[in-house]
Number of protein chains: 2
Amino acid sequence: MGERDESGRRGFLRGGLAGAGLVASSGVLRASAAPVAEDAVRPPWMTTPGQAFTNYGQPSPQERAVVRWISANRTVAGNGVSWTPLQDLEGTVTPSGLHFERHHNGIPQIPIDQHRLLIHGLTRQALTFSIADLARYPIRSRILFIECGGNSNAGWHRLPQQTQAGSLHGLASCSEWAGVPLALLLDEAGVDSSASWLIAEGADAAAVQVSVPLAKASNDCLLALYQNGERIRPENGYPLRLIVPGWEGVLNVKWLRRLEVANQPVMARNETARYTELLPSGKARMFTFVMNAKSVITTPSPGQTLHGKGVYEIRGLAWSGRGRIRAVEVSTDGGAHWSEARLQEPALPLAFTRFRMAWEWSGTPTVLKSRAIDETGYVQPERSALIAERGRNGYFHYNAIACWQVDEDGEVTHVYS
Amino acid sequence: MGERDESGRRGFLRGGLAGAGLVASSGVLRASAAPVAEDAVRPPWMTTPGQAFTNYGQPSPQERAVVRWISANRTVAGNGVSWTPLQDLEGTVTPSGLHFERHHNGIPQIPIDQHRLLIHGLTRQALTFSIADLARYPIRSRILFIECGGNSNAGWHRLPQQTQAGSLHGLASCSEWAGVPLALLLDEAGVDSSASWLIAEGADAAAVQVSVPLAKASNDCLLALYQNGERIRPENGYPLRLIVPGWEGVLNVKWLRRLEVANQPVMARNETARYTELLPSGKARMFTFVMNAKSVITTPSPGQTLHGKGVYEIRGLAWSGRGRIRAVEVSTDGGAHWSEARLQEPALPLAFTRFRMAWEWSGTPTVLKSRAIDETGYVQPERSALIAERGRNGYFHYNAIACWQVDEDGEVTHVYS
């Protein structure tokens with residue numbers, strides 16, 4: 001623990017700027033170093049006692065603009081999404097109050113004592129569990145991202161949508177989930193050797209159903225009771241959520257009430273009409289469960305403004321459903337040159353990984369890009385490559401490199417480049 | 001990522017119970033396996049659309065009992081503490097709304113645009129920074145516990161206080177903190193070679209001042225702007241907090257406004273009259289910065305009840321200001337035998353580490369204990385050993401092994417054993 005953190009000024013400039021082939025001019029990081037009458041003036045808020053204790057804290061009212069942006073379906077009650085404001089956050093954990101939401105028919109209010117989980121189908125025995133029953137089982141906890149299969153789908157549009165980074169890519173969030181390993185309960189129910197799928201159903205009015213291959217269900221899935229330390233919040237599945245690490249969000253069924261062991265998928269609307277792609281060949285791409293590697297620069301990003309030339313820190317998030325992020329490369333010249341950003345340790349598998357890189361902006365217009373590379377060697381593609389592979393009928397599973405243009409006034413916009 | 005999670009039922013029983021020298025009777029983990037009319041009855045909350053989206057989520061109203069317990073000083077406005085309800089939480093991250101609080105004169109309401117940090121004293125130049133200035137600097141993020149030096153001080157009482165685990169040991173919480181490495185700014189200010197201390201002052205009405213050895217300040221301290229992804233909440237220091245990893249909580253100055261480089265400590269009340277101990281020798285123990293290793297069993301814990309004999313999972317938290325937790329040992333027979341609990345990976349240095357162990361309760365009264373061992377080899381002491389070392393005048397820095405008695409009815413109480 002004793003070693004000096006390698007994040008000193010010299011490391012910052014050497015690591016980041018040297019990699020980018022730039023030289024930092026002296027003093028670009030210097031703050032307003034005006035002579036000060038040291039400690040002469042105490043601000044008014046030091047002259048009177050402050051506010052009282054609270055049982056449960058809330059963000060400062062000054063941060064009221066940092067909220068989920070809601071995109072609700074006007075014709076179907078409780079159908080829509082809300083977006084995590086990635087551009088306003090730092091670190092890797094998403095506060096639970098800002099975790100993205102996708103609802104098909106609103107948020108059910110479930111009395112925790114009345115909720116039951118049924119495991120049945122091709123099993124030796126059917127089992128039902130109350131939440132209190134489940135809490136007796138072993139618990140495991142893990143920091144994991146969840147990403148909606150429809151995240152970033154504005155990227156399929158012909159023209160780049162002008163909105164904030166979180167409203168483009170914020171159907172992805174990262175929490176510490178804690179719950180019972182699903183494998184334990186499947187083992188107890190006794191899965192028949194003919195079974196190959198697990199059909200999960202939520203207790204909302206939409207009765208969302210999805211199919212999960214049994215090999216995944218028996219591997220690393222969790223029946224989560226807790227999110228970021230406390231009980232899961234209502235919009236994220238209170239009191240029970242299926243967690244399918246690294247796989248598309250819809251599989252992470254909220255308000256989980258039923259798990260049916262089966263020998264074929266349920267072929268529900270959410271896995272046939274939605275969360276699929278019509279390929280150039282005319283065939284549909286279905287059951288594409290694993291979320292491919294993605295990265296997004298959160299600072300600077302659209303809607304933000306750089307105040308003059310000088311050194312900035314480019315910051316962003318990367319994640320992959322295939323495992324750890326091995327590297328994130330950043331280009332500050334529209335893709336002509338790439339430099340490796342610094343990854344914040346620990347870079348956990350299937351979790352948000354924060355990357356940062358120093359950048360000296362010359363004051364001339366340019367385009368910023370980032371691309372994630374995961375431990376399998378998968379490299380986040382350019383948009384043109386993704387379209388060449390998938391065609392123009394895509395709606396889901398968009399993970400191409402995002403491009404932010406910085407104009408001469410320091411304003412940042414979304415471009416295709 | 002493909003390997004099977006080792007947390008299956010057999011692993012649970014073999015790892016935990018074998019270690020404890022117990023044998024699990026078949027079926028103790030089995031839930032209510034009554035025959036069910038499969039999926040016949042849908043609960044009422046599936047028959048109507050649920051509630052709407054929210055911009056910022058809150059816990060379920062059903063969890064309203066999971067709050068910070070406030071212990072305020074009746075004679076001094078805004079002076080007191082609030083406790084994290086450790087017994088109700090899982091995983092390692094403390095939700096920001098439940099992070100413990102220690103205030104000396106209430107929570108100041110600071111306009112973020114008006115807040116300034118002054119660095120001065122034995123420096124080449126005095127510097128002032130707005131929050132916007134600081135946000136231009138490199139940011140680093142890290143999951144860290146903060147523990148008040150007065151945490152667990154009920155342990156010094158002659159009789160064991162009867163209250164919940166969090167109200168005994170919950171002046172400790174764990175968050176992901178993100179901010180500017182302090183070393184960067186000290187480097188920029190230019191620290192004089194004669195300097196050895198850094199005096200930090202908060203912008204509350206108490207103007208809390210503490211002294212931090214410069215070697216620590218230049219090592220791994222952060223000027224935190226973010227907690228668990230979002231801006232720090234008011235009661236935790238909005239908009240700026242000094243983070244001193246692994247050292248006692250009072251050093252982690254909230255509402256940080258001033259850092260003075262000096263060649264001696266400030267000898268403020270908080271480091272002379274408080275956060276010190278009168279030793280048996282008659283000397284005072286001061287500047288005992290590093291928080292020693294501690295652990296606490298959160299489940300089962302006082303106020304909870306076991307419902308009959310059978311297998312339970314013992315769960316708890318361990319942490320050390322000296323680095324990583326290497327092991328946590330659990331005794332289910334009052335200290336006669338100890339078994340190694342399973343640590344939830346990743347066990348990060350200077351962060352809460354979750355431990356869990358299966359235990360088959362025979363239904364007879366017993367005492368549960370846990371002891372943390374950190375990477376330096378330090379072993380959490382029994383209470384008698386701590387008292388032998390420190391005497392009976394202690395108030396701060398209590399880290400002895402906690403003992404929970406399970407009586408024949410399954411009720412859990414706090415005992416000295």
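Each value in this text was obtained by applying a stated rule to the coordinates, not by laboratory testing. Model, not experiment: these values are computed from the prediction. Here the Cβ positions follow ideal geometry from the backbone for every residue, glycine too, while neighbour counts run over all protein chains shown.
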Problem set entry | Eligible aspartates and glutamates near B:Lys309 by straight Cα distance, threshold 18 Å, same-chain separation 8 or greater | A:Asp133, B:Asp333, B:Glu360, B:Asp407, B:Glu408, B:Asp409, B:Glu411
Exercise. Can you sort A:Thr123, A:Thr305, A:Thr332 by how many other beta carbons sit within 10 Å, fewest first?
Worked result: A:Thr305, A:Thr123, A:Thr332
Exercise. DSSP loop trypsin sites (Lys or Arg not before Pro) in the stretch B:266-318 with at most 12 other Cβ atoms within 10 Å of their Cβ, which ones?
Worked result: B:Lys283
Problem set entry | Mean separation of Cα contacts under 8 Å, 6 or more apart, over the residue count of the stretch B:271-339: relative contact order % | 25
Exercise. What number comes out for the charge environment of B:Leu159, summing +1 per Lys or Arg and -1 per Asp or Glu over other residues with Cβ under 14 Å away?
Worked result: +3
Exercise. So what J values fall out for the stretch A:148-165 if you push phi through Karplus, 6.51 cos²θ - 1.76 cosθ + 1.60 with θ = phi - 60°, rounded to Hz, Gly and Pro as x?
Worked result: 5, x, x, 4, 6, 5, 4, x, 6, 5, 5, 10, x, 6, 9, 7, 6, 4
Seminar exercise, completed: Here the correct list, in nm and shortest first, of distances from B:Ala132 to the same site in the other copies, label points 7 Å along Cα→Cβ, is 5.6
Problem set entry | Which of A:Ser96, A:Ser301 has the fewest Cβ neighbours within 10 Å, and the rest in rising order | A:Ser301, A:Ser96
For this session: Can you pull the one-decimal nm distance between simple spin-label points at B:Val415 and A:His337, each 7 Å off the Cα toward Cβ?
Result: 7.1
Exercise. What is the set of long-range amide H partners of A:Thr123 at a cut-off below 5 Å, with H atoms built 1.01 Å from backbone N?
Worked result: A:Asp192
Seminar exercise, completed: Checked the stretch B:45-165 with the C-alpha gyration tensor, a ≥ b ≥ c its square-rooted eigenvalues, rounded below a/c of 1.5, otherwise prolate if a/b is larger than b/c and oblate if not; verdict oblate
Problem set entry | chain B: most fluctuating residue of B:Asn228, B:Asn292, B:Asn393 per GNM, C-alpha cutoff 10 Å | B:Asn393
Exercise. Can you give me the relative contact order of the stretch A:339-417 as a percent, contacts being Cα pairs under 8 Å and 6 or more apart?
Worked result: 28
Seminar exercise, completed: antiparallel share of DSSP beta bridges within chain A, to nearest 5, in %, is 95
Exercise. Taking H as built 1.01 Å from N, whose amide H comes closer than 5 Å to the amide H of A:Arg326, not counting residues under 5 places away?
Worked result: A:Ile373, A:Asp374, A:Glu375
Problem set entry | Footprinting exposure proxy for A:Thr54, A:Thr376 (fewest neighbouring C-beta atoms within 10 Å first) | A:Thr376, A:Thr54
Exercise. Relative to the Cα centre, what is the charge dipole magnitude of the stretch A:198-262, using +1 at the beta carbon of each Lys and Arg, -1 at the beta carbon of each Asp and Glu, and rounding to the nearest 20 debye?
Worked result: 120
For this session: Answer with one residue from B:Ala165, B:Gln51, A:Val266: the one whose Cα lies farthest towards the positive end of the charge dipole of the protein assembly as shown, charges on Cβ with Lys, Arg +1 and Asp, Glu -1.
Result: B:Gln51
For this session: Starting from the Cα gyration tensor of the stretch A:302-417, take the square roots of the eigenvalues, sort them a ≥ b ≥ c, and report rounded, prolate or oblate (rounded when a/c is under 1.5, otherwise prolate if a/b is larger than b/c, else oblate).
Result: oblate
Exercise. If we hang a label 7 Å off Cα along the beta carbon direction at A:Thr288, how far is it from the matching labels on the other copies, in nm, shortest first?
Worked result: 6.1
Exercise. Which FRET efficiency, nearest 0.05, do B:Ala52 and B:Ser194 yield, Cβ-Cβ r, R0 45 Å?
Worked result: 0.10
Problem set entry | Which of A:Gly316, A:Cys174, B:Ile232, positive extreme of dipole for the protein assembly as shown (C-beta unit charges) | B:Ile232
Exercise. Which percent, nearest 5, of DSSP beta bridges in the protein assembly as shown are antiparallel?
Worked result: 95
Seminar exercise, completed: Per-residue average of other protein chain Cβ atoms inside 10 Å, peptide B:170-178 -> 3
Exercise. Rounded to the nearest 500 deg cm²/dmol, what is the calculated helix-only ellipticity per residue at 222 nm for chain A, with -39500 (n - 2.57) per DSSP H run of length n ≥ 4?
Worked result: -2000 deg cm²/dmol
Problem set entry | Within a Gaussian network of chain B (alpha carbon springs, distance under 10 Å), most fluctuating of B:Arg74, B:Arg124, B:Arg371 | B:Arg74
Exercise. Using just the C-alpha positions of the protein assembly as shown as equal point scatterers, what log10 of I(q)/I(0) does the Debye formula give at each q in 0.10, 0.11 1/Å?
Worked result: -1.11, -1.32
Exercise. If we hang a label 7 Å off Cα along the beta carbon direction at B:Arg269, how far is it from the matching labels on the other copies, in nm, shortest first?
Worked result: 6.5
Problem set entry | Shape category assigned to chain A from the gyration tensor of Cα positions, a/c cut at 1.5 | prolate
For this session: List the trypsin sites (Lys or Arg not before Pro) within the stretch B:383-417 that fall in a DSSP loop (any state other than H, G, I, E or B) and whose Cβ has at most 15 other Cβ atoms within 10 Å.
Result: B:Arg392
Exercise. What dipole magnitude, in Debye to the nearest 20, does chain B give about its Cα centre under +1 on Lys/Arg Cβ and -1 on Asp/Glu Cβ?
Worked result: 540
Seminar exercise, completed: Across B:Ala358, B:Ala336, B:Ala284, the residue with the highest GNM fluctuation in chain B (Cα network, 10 Å cutoff) is B:Ala336
For this session: Excluding residues on the same chain fewer than 8 positions from A:Lys283, give the lysines whose Cα lies under 29 Å from its Cα.
Result: A:Lys216, A:Lys294
Exercise. How big is the charge dipole of the stretch A:140-217 about its Cα centre, in debye rounded to the nearest 20, if each Lys and Arg gets +1 on its Cβ and each Asp and Glu gets -1 on its Cβ?
Worked result: 380
Exercise. With Cβ to Cβ distances under 15 Å as the rule, what net charge do the other residues near A:Val66 carry (K, R +1; D, E -1)?
Worked result: 0
